[in-house]
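A short worksheet on the structure shown next.
The values are calculated or read from the model by the stated rules, or taken from the named source; none is laboratory data. Only a predicted model underlies this, so the values are computations on that prediction, with no experimental measurement involved. Cβ coordinates were reconstructed from backbone atoms using ideal geometry, including for glycine residues, and neighbour counts include every protein chain displayed.
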Amino acid sequence: MRGRRDAYGGPVVGRLPAASARRPIRIATVDAPLNRPRLLAPAIGLVRRASALGLLGDRARVERLDLDLLRGIAREASAAGVGQDAAIALLEDEHRPERLATLIKRLDDALTESPLPDRELRELLRVFTIDDLATLLGTASVSLRRYRAGTRPMPDVLAARTHWLALVASDLAGAYNETGIRRWFERPRAQLDGRSPRRALGADWDPAGPDAERIRSLASTLAGVGAAT
């Protein structure tokens, strides 16, 4: 008897995600000037955001936080048409800490406001199975496979949901690994009237709706916490 197959035609074992594991961000070394208190947290936040949006390039893992890493993100963002002014400025050789803090915030704000659904979908499939992700996004698994393969354009409403989910995942990455992120969506929360985030969203949800905003706010409180293993 033929077993279940994943999005790429391979066998599904248990509930493993439908794509390869998420690239770990385990920062062990912080180089100057990013070790300054006013730069450290925003720089880490930018790296997590870039990871969730698929803007880390071909880096297999991130262990050093330095200007080269931020400039690599700036290049990827600029190539994707996001935050180009801030990205180009970050590529300059020298910045005073105050100016660098401003540029990091500007680029992070640009990423927050700029959906990149093709990249984001790829990264989300490193965390969720394709069936679970389809449920969260309010679509069918077969449709999600087509969006992933590029054989069908993603509707705007699903692109907005994908971006919202990528932003939430980037915030949760401050406290949880992939397993923790998946479980977070299934646990009842007092702040959501005893519902889990997945249940609170429902099937036909609006990223700008009140429930989605409450969930995003709840996740953002974890953004500055060190990632769990």
**Message:** Just to verify a result, which residue in region 132-153, among those that are in contact (Cβ under 8 Å) with a residue 12 or more places away in the chain and assigned to a loop (DSSP other than H, G, I, E, B), is surrounded by the most Cβ atoms within 10 Å (Cβ to Cβ)?
**Reply:** Thr139
**Message:** I need every pair where a residue in region 48-60 that is farther than 14 Å from Ile27 by Cβ has its Cβ under 6 Å from the Cβ of a residue that is in a loop (DSSP other than H, G, I, E, B), sequence separation at least 6 or different chains.
**Reply:** Leu53/Leu116
**Complete:** For region 47-86, the count of residues that are touching a Lys or Arg at 6+ places or on another chain (Cβ under 7 Å) and part of a helix (DSSP H, G or I) equals 2
**Prompt:** Which pairs have Cβ atoms under 7 Å, sit 6 or more apart or on different chains, and link a residue in region 181-196 that is without any contact (Cβ under 8 Å) to a residue 60 or more places away in the chain and surrounded by fewer than 16 Cβ atoms within 10 Å (Cβ to Cβ) to one that is assigned to a helix (DSSP H, G or I) and of a type in the set (A, V, I, L, M, F, W, C)?
**Reply:** Gln191/Leu218
**Asked** Can you name the number of the only condition in (1) closer than 27 Å to Pro24 by Cα; (2) of a type in the set (Lys, Arg); (3) touching a Pro at 6+ places or on another chain (Cβ under 8 Å) that Arg182 fails?
**Response** (3)
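Using the structure shown, decide if Arg23 is within 15 Å of the chain's Cα centre (by Cα) and either assigned to a loop (DSSP other than H, G, I, E, B) or at pLDDT below 95 (or both). Walk me through it before giving the result.
Working: within 15 Å of the chain's Cα centre (by Cα): yes; either assigned to a loop (DSSP other than H, G, I, E, B) or at pLDDT below 95 (or both): yes.
Yes: the conditions hold for Arg23.
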**Prompt:** Restricting region 83-114 to residues that are surrounded by fewer than 22 Cβ atoms within 10 Å (Cβ to Cβ) and β-branched (Val, Ile, Thr), which is modelled with the lowest pLDDT?
**Reply:** Ile88
